[in-house]
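Scroll down for the structure; my scribbles are underneath it.
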Amino acid sequence: MEGSGVLLLYGLLPALLLYFAAPYIRRYVAGGVCKSTAKLHGKVVIITGANTGIGKETARDLAQRGARVIIACRDILKGEAAACEIRATTGNEQVVVRKLDLANTKSIKEFSEKIQQEEKQIHILINNAGVMMCPYSKTADGFEMQLGVNHLGHVLLTFLLLDLLKQSAPARIVNISSLAHRIGKIKFSDLQSEKSYDGGLAYCQSKLANVLFTRELAKRLQGTSVTVNALHPGSVSSELIRHSLMLKICWVFCSFFLKTPVQGAQTSIYCAVAEELESTSGKYFSDCSPASISAEAQSDDVGRKLWDVSCTLLGIQWD
């Protein structure tokens, strides 16, 4: 009996340790919190993919601060449901939905034209929407889906809205990247993954492209009072993993160690409103603090080449 009691104790020990350590683990996983109390009355914010996940929670927070928030998403019904919920919880009636499909340059151009007709100013553009580890497919314009949506779609959107952002300065552009950029490499010889495709590596390439685009754009925005920064939101329990069964399984077992969407939105909110970042541009953040980037992300040569290739693919002149 004594032996079995000892075995039982040892068997329960990991569970007991986890129980008592749980509050500390959750606090660590939660990461940084945006402490800014900045108000955004009279400001206009566009957030792509804000009908769910960290985009939705970012929209909720900025609406709470008084901003006019434009939820830009492909699924209008989900967007309207999110907007209705945000209006109800914040009391801010200036939360609206506009259709935007980042996998179609025609949709991006139509969205931009509508925004320029309806809005006199844009103060914050948050390029939040994304796809992750999806099966190989192409956008309406023939781009590999992850590169097309996560990078090229947001490049075109930013390009088309930039004049309005400059006119509204001081203004901010926030690009959601990922720690996964560290594994990424820009495959200029097979940018669209037509020779070989690995969903994970394609995702990492697109997230690296986000950081390179941020750094290159920051150089071109010097002196305009428009800043641009990139960030890693953390590992968040969201719909982003919907295309990967393996990730879904891992997420179930690791959910205790994942951020909630509210926690994952904190660095996006921080980059959008923190007073101390008013003149900060071309940087990368994680947990509401500056963070390091990979050697490839620091390469000016790779950044310039990706910029030129992206503009050529999109058919735009952006010096």
Exercise. About its Cα centre, what dipole magnitude does the stretch 36-314 give when the only charges are +1 on Lys and Arg Cβ and -1 on Asp and Glu Cβ, stated in debye to the nearest 20?
Worked result: 100
Seminar exercise, completed: In nm, the gap between the two label points placed 7 Å beyond Cα toward Cβ at GLU85 and GLU118 is 2.1
For this session: Determine the percent antiparallel among the DSSP beta bridges restricted to the stretch 36-314, to the nearest 5.
Result: 10
For this session: Would you please calculate the Kirkwood hydrodynamic radius of the stretch 33-176 over all C-alpha pairs and express it in Å, rounded to one decimal?
Result: 15.2
Exercise. So for the stretch 28-107, Kirkwood radius off the Cα pairs, Stokes-Einstein at 25 °C and 0.890 mPa s: how many µm² s⁻¹?
Worked result: 189
Exercise. Between the stretch 155-215 and the stretch 255-319, what is the C-alpha centre distance in whole Å?
Worked result: 8
Exercise. Over the stretch 130-218, what per residue volume does the convex hull of the Cα atoms give, in whole Å³?
Worked result: 95
Seminar exercise, completed: Projected onto the charge dipole of the stretch 36-314 (unit charges on the beta-carbon of Lys, Arg, Asp and Glu, signs +1, +1, -1, -1), the Cα from PRO135, CYS204, ILE71 with the largest positive-side position is that of ILE71
Exercise. Over all pairs of distinct alpha carbons, what does the Kirkwood formula give as the hydrodynamic radius of the stretch 36-314, in Å?
Worked result: 18.6
Exercise. All other residues with a Cβ under 11 Å from the Cβ of GLU296 taken together, and with Lys, Arg as +1 and Asp, Glu as -1, what is their net charge?
Worked result: +1
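Every number in this text was worked out from the coordinates using simple rules, so none of it is lab data. These figures come from a predicted structure and were not determined experimentally. Methodologically, a virtual Cβ is constructed for each residue, glycine included, from the backbone with ideal geometry; neighbour enumeration extends over all protein chains shown.
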